[in-house]
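K.L.:
The structure under discussion is supplied below as structure tokens; questions concerning it will follow.
The values are calculated or read from the model by the stated rules, or taken from the named source; none is laboratory data. Everything numeric here is computed off the predicted structure, so don't read it as measured data. Every residue, glycine as well, gets a Cβ built from its backbone with ideal geometry; the counts of neighbours run over all protein chains shown. Areas reflect the complete protein model, heavy atoms only, side chains present, ligands, DNA and RNA absent. Shrake-Rupley method; radii C 1.70, N 1.55, O 1.52, S 1.80 Å.
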2 protein chains.
Amino acid sequence: MPDGLRGIYLNYIAALNEQRLADLGRFVHADLTYNDQPWSLAQYQERLADDRRRIPDLHYDVQNLLTGPDEVACRLWFDCSPQGEFLGIEVGGRRVAFAEHVFYRFRGDRIAEVRSLIDTASIRSQLK
Amino acid sequence: MPDGLRGIYLNYIAALNEQRLADLGRFVHADLTYNDQPWSLAQYQERLADDRRRIPDLHYDVQNLLTGPDEVACRLWFDCSPQGEFLGIEVGGRRVAFAEHVFYRFRGDRIAEVRSLIDTASIRSQLK
């Protein structure tokens, strides 16, 4: 399937941007690992819902996207205003811009492994 | 050239692991951007040499590697003992393990753009 994972991944990001978290099971296995910890789909869904509650203007912007036979790597860009605390940082509604670099492994057409780094150092330096 | 960038990138990592920083010009343009800042090859070389001085047992371990037509994405893993301060963190020779997630853009067969995130939050939590 040419560009299969690329298309699936962009549909996943579209679902996040359109706040269709109920659709998440189409893109993510019932059991996955998140930064090498075992997570359930429900936990992953709750994490994404929590991000959305903290960041009402959350938008996932794909900056770099690479795919392999069963892997996706993506640099996501965020330009948003987290309310209160986010990732242990008291942002308090100020506008910040930052990157997330994520590697995903797919089993079939769904995500089975997520390894994510978020640029918290940049968020902190923007708040100084 | 099938797998061209993959082979070039693995040769670049081998050069770093074998401490052949004088070879860096084979893999990196004279002018590049590092996290969207203009850098020279000499600056990049000095940054890598500085990492090596701070971390005598530095080894670059490729965990995830994806390539596109002119891009490489890599999750690197480090298990090492930075002496003194590293990335603004006083590590003082203790052993830490952490990831770096990097996206590279190539122009021809050399790196022209590096976008890197290092998991400093994990380093800090391992030192607690």
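K.L.:
Hey, how many Å between the Cα centroid of segment B:76-128 and the Cα centroid of segment A:12-67?
P.N.:
Measuring centre to centre over Cα atoms gives 26 Å.
K.L.:
Under a 1.4 Å probe, what is the accessible area of chain A per residue, stated in Å²?
P.N.:
Spelled out: the 1.4 Å probe surface of chain A, per residue, equals 48 Å².
K.L.:
If you place +1 on the Cβ of every Lys and Arg, -1 on the Cβ of every Asp and Glu, and leave all else neutral, what size is the dipole of the protein assembly as shown about its Cα centre, to the nearest 20 Debye?
P.N.:
It works out to roughly 300 debye.
K.L.:
What are the distances, in nm and sorted shortest first, from the label point of A:Gln83 to the label points of the same position in each other copy, with each label point placed 7 Å from Cα along the Cα-to-Cβ direction?
P.N.:
Taking the point 7 Å beyond Cα along Cα→Cβ, the inter-copy spacings are 5.1 nm.
K.L.:
Taking the Cα centre of chain A as the origin and placing charges on Cβ (Lys, Arg +1; Asp, Glu -1), which of A:Gly68, A:Phe78, A:Tyr12 is farthest toward the positive end of the dipole?
P.N.:
My answer, from the dipole projection, is A:Phe78.
K.L.:
If you take every DSSP beta bridge whose two residues both sit in chain A, what share of them, in percent to the nearest 5, is antiparallel?
P.N.:
90 percent
K.L.:
Right, something else. For the protein assembly as shown, build the convex hull from the C-alpha positions and give me its volume per residue in Å³. Intermediate results must be reported in sequence, preceding the final value.
P.N.:
Details: hull volume 33.9 nm³, N = 256.
Convex hull volume per residue, Cα atoms: 133 Å³.
K.L.:
Counting each DSSP H run of 4 or more residues in chain B as -39500 (n - 2.57), what helix-only mean residue ellipticity at 222 nm follows after dividing by all residues, to the nearest 500 deg cm²/dmol?
P.N.:
Rounded to the nearest 500, it is -8500 deg cm²/dmol.
K.L.:
In degrees between 0 and 90, to the nearest 10, how far off the longest principal axis of chain B does helix B:4-17 point, with axes built from Cα atoms?
P.N.:
Between the helix axis and the principal axis of chain B, the angle is about 40 degrees.
K.L.:
Can you tell me the 0 to 90 degree angle between the C-alpha axis of helix B:41-54 and the longest principal axis of chain B, rounded to 10?
P.N.:
Relative to chain B, helix B:41-54 is tipped by roughly 30 degrees.
K.L.:
So, one more: Given charges of +1 on the Cβ of Lys and Arg and -1 on the Cβ of Asp and Glu, with all other atoms neutral, how large is the dipole of segment B:56-128 about its Cα centre, in debye to the nearest 20?
P.N.:
Working: 9 positive and 11 negative charges, 32 e Å.
Computed about the Cα centre, the dipole is about 160 debye.
K.L.:
Which net charge results when you count Lys and Arg as +1 and Asp and Glu as -1 among the other residues whose beta-carbon is under 10 Å from that of B:Phe106? Mind dumping the intermediate values first?
P.N.:
Working: positive: B:Arg105, B:Arg107, B:Arg110; negative: B:Asp70, B:Glu71, B:Asp109, B:Glu113.
Taking every Cβ under 10 Å from that of B:Phe106, the sum is -1.
K.L.:
Further, regarding this structure: On full extension of the chain, what length is gained from B:Gln126 through B:Asn35, given 0.36 nm per residue of separation minus the C-alpha to C-alpha distance?
P.N.:
Value of the extension gain: 30.2 nm.
K.L.:
Lys and Arg at +1, Asp and Glu at -1: add these up for the other residues within a Cβ distance under 10 Å of B:Gly84 and post the number.
P.N.:
0
K.L.:
Right, another one. Keeping the other protein chains in place, figure out the carbon and sulfur percent of the accessible area of chain B, with a 1.4 Å probe.
P.N.:
48 percent
K.L.:
Provide the buried accessible surface between chains A and B in square angstrom, both chains summed, 1.4 Å probe, rounded to the nearest 100.
P.N.:
Roughly 1800 Å² of accessible surface disappears when A and B pair.
K.L.:
In addition: List the residues of segment A:51-100 for which accessible area in the full set of protein chains is at least 30 Å² lower than for the chain on its own; 1.4 Å probe, protein heavy atoms only.
P.N.:
A:Asn64, A:Leu66, A:Glu71, A:Arg75
K.L.:
In addition: Hey, could you pull the Cα Rg and Dmax for chain B, both in Å?
P.N.:
Looking at chain B, its Cα Rg and Dmax stand at 14.6, 48 Å.
K.L.:
At 7 angstrom along the Cα-to-beta-carbon line, where would the label on B:His59 sit relative to the other copies? Give the distances in nm, shortest first.
P.N.:
4.5
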